[in-house]
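The values are calculated or read from the model by the stated rules, or taken from the named source; none is laboratory data. Note that the coordinates shown come from a computational prediction; the quantities given were computed from them, not determined experimentally. Please note: Cβ atoms are built from the backbone with ideal geometry, for glycine as well, and neighbour counts cover all protein chains shown. Ligands, DNA and RNA are stripped out before the accessible areas are found, and what is left, the full protein with its side chains, is counted by its heavy atoms. Shrake-Rupley method; radii C 1.70, N 1.55, O 1.52, S 1.80 Å.
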Amino acid sequence: MTDEKTTASSTSDKHKQRMQKLKDKVDARIDNATEERGLLIVITGNGKGKSTSGFGTVARAVGHGLNAAVAQFIKGTWACGERKLLENAGVKFSVMGTGFTWNTQDKEKDITAAKQVWLKCKELLSDPTLDLVLLDEMTYMLSYKYLDLDEVIDTLNNRPKHQHVIITGRACHRAIIDLADTVSEIQSIKHAFDSGIKAQKGIDW
Ligand code: ATP
Ligand code: MG
């Protein structure tokens, strides 16, 4: 065997050994993960991708024939594209009736609107036929204290055992992060908006 061939085969042996070790580790973790129950997932942080991640998971669940519902705590200027698609697939949406604070500039009106959506959320979070509930932009309702934190925690704790819940929004309250099973924080490295590019259909809503 030439030196070159010997080096190539020992590199390939080392790669194989490394991959086997990795496989053993992954297999052990798969063996350890035996519990199956509804998860509380939080997608927070300042970067773009929180709501799209939530809606992506709803699409994933619906694709498997699971039942999902969405509550949106902020009514954007435009109806998001996901709503049009997912309503056609049988996903029920409950959307906050007013705009957001800097649009309405009426705190009492916002609180009333938030509480109305929350009433709907309580129905969703006690409905055993729902496998997944997305609470889009809910974090703000807790940071502005529009909703009662203890009541939200109680409702999440008492939901049907198999039901998954996804909460999105910036600056998620510590108590919700502590309660959650999976938490991802999306960091903004850069965003087109900062370079003066406007929000675009199909990408931003
Ligand atoms: P998306 O709905 O695209 O997943 P998001 O849910 O992570 O975004 P939000 O904080 O809910 O982000 O903001 C909603 C809107 O603001 C979207 O149109 C999104 O493109 C835009 N946006 C998100 N992150 C940023 C950012 N860092 N700077 C400016 N605009 C942003
Ligand atoms: Mg969002």
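Please go through the stretch 180-202 and give me each residue that is surrounded by 11 or more Cβ atoms within 10 Å (Cβ to Cβ), assigned to a loop (DSSP other than H, G, I, E, B) and within 16 Å of ligand 2 (Cβ to nearest atom), ordered by number. Result: Ile186, Ser188, His191, Ala199. Being open to solvent by 60 Å² or more (accessible area, probe 1.4 Å) and within 13 Å of ligand 1 (Cβ to nearest atom) is a condition met by no residue of the stretch 13-35.
Each residue in the stretch 151-194 was checked for being without any contact (Cβ under 8 Å) to a residue 24 or more places away in the chain and closer than 23 Å to Cys80 by Cβ, and 4 pass. Taken over the stretch 37-60, the residue count meeting the criterion of being more than 26 Å from Ala89 (Cα to Cα) and open to solvent by 70 Å² or more (accessible area, probe 1.4 Å) is 1.
Every test in (1) among the β-branched types (Val, Ile, Thr); (2) modelled with pLDDT under 95; (3) under 16 Å from the mean Cα position of the chain (by Cα) is passed by Thr98 save one, and that test is (3).
To keep it simple, each residue is scored yes or no on (1) in a helix (DSSP H, G or I); (2) over 25 Å from Ser53 (Cβ atoms); (3) outside the structural domain of Ala71 (by TED's automatic domain parsing).
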residue: Leu86; (1), (2), (3): yes, no, no
residue: Gly90; (1), (2), (3): no, no, no
residue: Lys109; (1), (2), (3): yes, yes, no
residue: Ala113; (1), (2), (3): yes, no, no
residue: Leu130; (1), (2), (3): no, no, no
residue: Leu147; (1), (2), (3): no, no, no
residue: Val152; (1), (2), (3): yes, no, no
residue: Thr155; (1), (2), (3): yes, no, no
residue: Arg159; (1), (2), (3): no, no, no
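Which residue is farthest from Val91 (Cα to Cα), if the candidates are limited to the stretch 124-147 and must be within 15 Å of ligand 1 (Cβ to nearest atom) and within 14 Å of the chain's Cα centre (by Cα)? Restricting to residues being within 15 Å of ligand 1 (Cβ to nearest atom) and within 14 Å of the chain's Cα centre (by Cα), the top hit is Thr139.
Every test in (1) open to solvent by 20 Å² or more (accessible area, probe 1.4 Å); (2) within 16 Å of ligand 2 (Cβ to nearest atom); (3) in a helix (DSSP H, G or I); (4) modelled with pLDDT of 95 or more is passed by Ile177 save one, and that test is (2).
Among the residues of the stretch 141-159, those identified as open to solvent by 30 Å² or more (accessible area, probe 1.4 Å) and either in contact with a strand residue (DSSP E or B) (Cβ under 6 Å, 6 or more places away or on another chain) or within 21 Å of Leu39 (Cα to Cα) (or both) are Leu149, Asp150, Glu151, Ile153, Asp154, Asn157, Asn158, Arg159.
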